[in-house]
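Asker: Mind looking over this structure? Questions follow.
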Amino acid sequence: MPAAAPSSPHMAVLQRAAASLERAGQALRRADFDAMHDGLQQGLADLAALAHAGQLPRLPAAPAVAWDGARMERWVWQLLAQLKQAGCRAFPFAGTLLGLERDGRLLPQDKDADLGVWLEDFTLACRVLQALGLRPVDNAPPFDNMASLLDPASGLSVDLFGIRRDPLACRLEGGVWLYGRPPHHQRITHYPWLELAPRAGPAGEVWWPEPADGLLAALYGDWRQPQPEWDSLVSCLAVQDTNLQWRCWALKSLSERWLSGDLGRTRRLLDQIERRAGADAQLRSYRAALDAALAMAAGP
């Protein structure tokens, strides 16, 4: 974890934070949320201590990658048409659906296509996408109803979510699940019942969620208005429980935002986390550290 020239007395704290956050990343790849939470807590505690001391480590920004929105959009329409032709009930979902439905195009810089699929077609969809040349992403967590696949030729990727239909409750159930694990290791989301309807697309007929409005409202609330502070791992309104898995994703987002060096956005993300989960002692300690760092940055 590169730092912004930390003074030597704080180097050990910085190195400890880096090791803790690396352990958290390794635990996520195993879907070990207990170990992930421990690593994130330790790493954030050290970042908070550094902030109180006026030390603000910052990761270098990732190299800018040219984003060809028109190419990405053509690719998404092609995938949707090919999945339907293969008998797979897959449809645009989450951010991909939001962009196409609200703006008539993909969201800017969105390099990961979000696709939903009825759970009974999830395995078929994975096979179809791999037959089209996509490959499973290395080191992705081993979720049972989600797959991340990459097109090696273009670098474009797909996040595929299996969604269970519950006709008795008249709702859909999504999220990311780990079969055989306890409830606090599951991220469960609920959506209103919908049907899939055929729709003409640039590459052929595709499946489309009807009504799309209900699904988008469950995910985003007022989805017609852009929300620049939105964080998909923290802000999603459809998540049913702020449990261990949710907290791990929230703390992961917080640590990444903190290391971006944008203290204002980090503080606002923490506000979102507290609104969802309540302000416990751990979160209050992060708030105190961020407020101290913001005050130092503002000067006398």
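The values are calculated or read from the model by the stated rules, or taken from the named source; none is laboratory data. Being a predicted model, the structure only gives us computed values, none of them experimental. All Cβ positions, glycine included, derive from the backbone under ideal geometry; neighbour counts span all protein chains shown. Side chains are part of the model used for accessible areas, which takes the heavy atoms of the whole protein and leaves out ligands, DNA and RNA. Shrake-Rupley method; radii C 1.70, N 1.55, O 1.52, S 1.80 Å.
Asker: If the elastic network links every pair of Cα atoms under 10 Å, which of A279, A66, A18 fluctuates the most in the Gaussian network model of the chain?
Answerer: Of the options given, A66 has the highest mean-square fluctuation.
Asker: Quick one: 3J(HN,Hα) in Hz for segment 236-248, Karplus 6.51/-1.76/1.60 with θ = phi - 60°, rounded, Gly and Pro as x.
Answerer: Computed from phi, the couplings for segment 236-248 are 4, 6, 7, 5, 8, 8, 8, 8, 4, 4, 4, 5, 4 Hz.
Asker: If each DSSP helix of 4+ residues adds -39,500 (n - 2.57) and the sum is divided by the residues in the chain, what number results at 222 nm, nearest 500 deg cm²/dmol?
Answerer: That calculation yields -14000 deg cm²/dmol at 222 nm.
Asker: To continue, here is another question. Mind listing the phi-derived Karplus ³J(HN,Hα) values for segment 129-141, rounded to whole Hz, using 6.51, -1.76 and 1.60 with θ = phi - 60°, and x for any glycine or proline?
Answerer: These are the phi-based 3J(HN,Hα) values: 5, 5, 5, 7, x, 6, 10, x, 5, 5, 6, 6, x Hz.
Asker: May I ask for the percentage of alpha-carbon pairs in segment 132-225 that lie more than 17 Å from each other? Each step should come with its number before you reach the end.
Answerer: Values: 2841 of 4371 pairs.
Result: 65 percent of Cα pairs exceed 17 Å.
Asker: 5 Å is the cut-off here: which amide hydrogens, built 1.01 Å from N in the peptide plane, fall below it relative to R89, excluding neighbours closer than 5 in sequence?
Answerer: Residues meeting the criterion, in which the H sits 1.01 Å from N, are W118.
Asker: Let me ask another. Provide the three semi-axes, in whole Å and in decreasing order, of the ellipsoid equivalent to the chain as defined by the square roots of 5 times the Cα gyration tensor eigenvalues.
Answerer: Square roots of five times the eigenvalues give 37, 20, 19 Å.
Asker: Show me, for segment 49-60, the HN-Hα J-couplings you get by feeding each phi into the Karplus relation (A = 6.51, B = -1.76, C = 1.60, θ = phi - 60°), rounded to Hz, glycine and proline as x.
Answerer: After applying 6.51 cos²θ - 1.76 cosθ + 1.60, I find 4, 5, 4, 4, 8, x, 9, 10, x, 9, 6, x Hz.
Asker: Quick check for you: with a 1.4 Å probe and neighbouring chains kept, what is the accessible area per residue of segment 230-292, in Å²?
Answerer: Heavy-atom accessible area per residue stands at 37 Å².
Asker: Quick query: amide H of W208 versus all other amide H atoms, modeled in the peptide plane; which residues come in under 5 Å with a sequence gap of 5 or more or a different chain?
Answerer: A197, R199
Asker: What's the Kirkwood radius of segment 1-140 in Å, using all Cα pairs?
Answerer: Details: mean 1/r = 0.0541 Å⁻¹.
Hydrodynamic radius (Kirkwood, Cα pairs) of segment 1-140 is 18.5 Å.
Asker: Work from the charge dipole of segment 39-99 (Cβ charges, +1 for Lys and Arg, -1 for Asp and Glu, about the Cα centre) and give the residue of A66, G43, G87 farthest towards its positive end.
Answerer: Of the listed residues, the answer is G87.
Asker: On alpha-carbon atoms, Rg over Rh for segment 214-300 using Kirkwood Rh?
Answerer: Here the Rg-to-Rh quotient is 1.01.
Asker: Also: Please report, as a whole percent, how much of the solvent-accessible surface of the chain comes from carbon and sulfur atoms (probe radius 1.4 Å). Don't skip to the end; give the middle numbers.
Answerer: Details: 7480 of 13920 Å².
Carbon with sulfur: 54 percent of the solvent-accessible area.
Asker: What do you get for the angle between helix 11-30 and the principal long axis of the chain? Use alpha-carbon atoms, 0 to 90 degrees, nearest ten.
Answerer: Computed tilt is about 20 degrees.
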